[in-house]
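In what follows, a single structure is set out as structure tokens and then discussed.
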Amino acid sequence: MLGEYRIEGRRASEIAASVERAVGAGELQPGEVLPPLRELAVYLEVNPNTVASAYRTLRDRGVIETAGRRGSRVRSRPASTAREALRVQVPPGVRDASAGNPDPSLLPPLESALAEAAARSARRPVLYGDPAVDDDLAALARSAFTRDGVPDGPVTLTSGSLDAIERVLAAHLRTGDAVAVEDPGWGSLLDLIPALGLRPAPVAVDDEGPLPEQLARALQDGARAVVITDRAQNPTGAAVSRARATELRTLLADHPGVLLIEDDHGHGIVDLPLHPLSGITDHWVLVRSTAKAYGPDLRLAVLTGDPVTVDRVSGRQRLGPGWVSHLLQDTVAHLWRTSAIEPAAIAGSYGRRREALIRALAGRGVPARGRSGMNVWVPVPDETGAVARLLHAGWAVAPGARFRMQSPPGVRITVSALADDDIAPVADAVASAVGLGEARRYE
């Protein structure tokens, strides 16, 4: 049964665990068909309902998918196989333009902010029963949201954007619900959705954000939620324009029951204005993380939304971690009060490198995208070959498979690790990797 692998167990939990172990270990491959439940029940000498329960558990965990009469099969990318596993191993001597990290030289020093947070904690320790969100930080966040045209709503905190998105999805959706997501899009989000037992519905993006006709199709097909990146979209650098925002708001107004999640993780590192969609649907949130502007280890995101959604997120958080550390809250509040970063300067630094790389690639006959943020997306005909050839040439880039569902192959290049002198060598290497060498450079 299933080649040399034998599914084991007498209880539904044991059967499900047996399959999940095999998938995680690579003994059951993506796309491999599982036995019909009655056949497996006979083999294991259990009730068919037991096998049905096991398959239901596996489906809810994002390990398998069912296709009606075609049976159940291992998902093409099971939740137990994180897209992060597709990252390139960077050997010594190879420059890393794959990780998606901010430029450390653009991150603010944290010493004074942390010292003030510690001093405040010494004066007034945070104890059980204290408010989860510091009033000062909430006021600063709310003021910034208002300046950017985000509708009024309560503010709460989570440990980063992905934590916020997970809590919001869990607050409203049920197993099997579909979520419209950008394709290509954030790999961690594409992992999270099936892990929650939800179904991703891919929506293509261009430089101005999600394509309205594709989002309309996903909503018509029953998507219960949509996640949209406002600026610095990962991996393409798309940013929702004013015109596109108008189109999307008009579309969403016809689907008021859809949950809208806006991810504005680019706040603080982009100079393009925000064109929020929030407030069009009954339930909505807009999330801002501090990771790109202040460093990934400063695990804090602020979110605002409709009162029901924010209350559900806050209430569930109280039953888990309780709150985001007030030491982190005070640190971020200090950074915001003192204007510890210059968004225009940071956006300019990333923008110069990003635009220089896109121009250099264009001069070599290689189209690329990157309207905002720190990433450039390069379509390639052979993703695996391009990544391998670039690695051989001394450059590590991220394979597009980490970010794609149905969109064509590509690679992501993070410019935060590049200096001005690196632009031409990277462009040369990319042109060579995709088969466009010296002969086509100046066509």
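The values are calculated or read from the model by the stated rules, or taken from the named source; none is laboratory data. The structure displayed is predicted, hence computed values, not measured ones. A quick note on method: Cβ atoms are made from the backbone with ideal geometry, for glycine too, and the neighbour counts reach across all protein chains shown.
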Checklist entry - Among the residues of segment 160-178, which ones are surrounded by fewer than 18 Cβ atoms within 10 Å (Cβ to Cβ) and within 20 Å of residue 328 (Cβ to Cβ)? => result none
Checklist entry - Residues in segment 237-257: is at least one under 17 Å from residue 351 (Cα atoms) and modelled with pLDDT under 95? => result no
Checklist entry - Pick from 246, 236, 281: which is outside the structural domain of residue 350 (by TED's automatic domain parsing), over 29 Å from residue 413 (Cα atoms) and in a loop (DSSP other than H, G, I, E, B)? => result 281
Checklist entry - Quick check: anything in segment 332-345 hydroxyl-bearing (Ser, Thr, Tyr), within 23 Å of the chain's Cα centre (by Cα) and on the phi < 0 side of the Ramachandran plot? => result no
Item to check | Meets criteria (in contact with a helix residue (DSSP H, G or I) (Cβ under 7 Å, 6 or more places away or on another chain), surrounded by fewer than 23 Cβ atoms within 10 Å (Cβ to Cβ) and in a loop (DSSP other than H, G, I, E, B)) for residue 334 | outcome: no
Item to check | helices (runs of 4 or more DSSP H) wholly inside segment 10-70 that include at least 2 residues being among the small types (Gly, Ala, Ser) and either surrounded by 15 or more Cβ atoms within 10 Å (Cβ to Cβ) or without any contact (Cβ under 8 Å) to a residue 40 or more places away in the chain (or both) | outcome: 12-25, 48-60
Checklist entry - Being within 25 Å of residue 62 (Cα to Cα), assigned by TED's automatic domain parsing to the domain that holds residue 241, in contact (Cβ under 8 Å) with a residue 24 or more places away in the chain and assigned to a strand (DSSP E or B), is that true of even one residue in segment 134-157? => result no
Checklist entry - residue 425: at pLDDT 95 or above and either of a type in the set (D, E, K, R) or surrounded by fewer than 19 Cβ atoms within 10 Å (Cβ to Cβ) (or both), yes or no? => result yes
Item to check | Selection count, segment 208-232, where residues are within 15 Å of residue 273 (Cβ to Cβ) and not in a strand (DSSP E or B) | outcome: 4
Item to check | Verdict on residue 258 being without any contact (Cβ under 8 Å) to a residue 40 or more places away in the chain, hydrophobic (A, V, I, L, M, F, W, C) and farther than 28 Å from residue 370 by Cα | outcome: yes
Item to check | segment 284-298, subset touching a Leu at 6+ places or on another chain (Cβ under 7 Å) and assigned to a loop (DSSP other than H, G, I, E, B), residue nearest to residue 259 (Cα to Cα) | outcome: 290
Checklist outcome for this item: Filtering segment 159-175 down to residues that are in contact (Cβ under 8 Å) with a residue 60 or more places away in the chain and either assigned by TED's automatic domain parsing to the domain that holds residue 405 or not in a helix (DSSP H, G or I) (or both) yields 159, 160, 173, 175
Checklist outcome for this item: Restricting segment 300-323 to residues that are aliphatic (A, V, I, L, M) and part of a loop (DSSP other than H, G, I, E, B), the one nearest to residue 141 (Cα to Cα) turns out to be 300
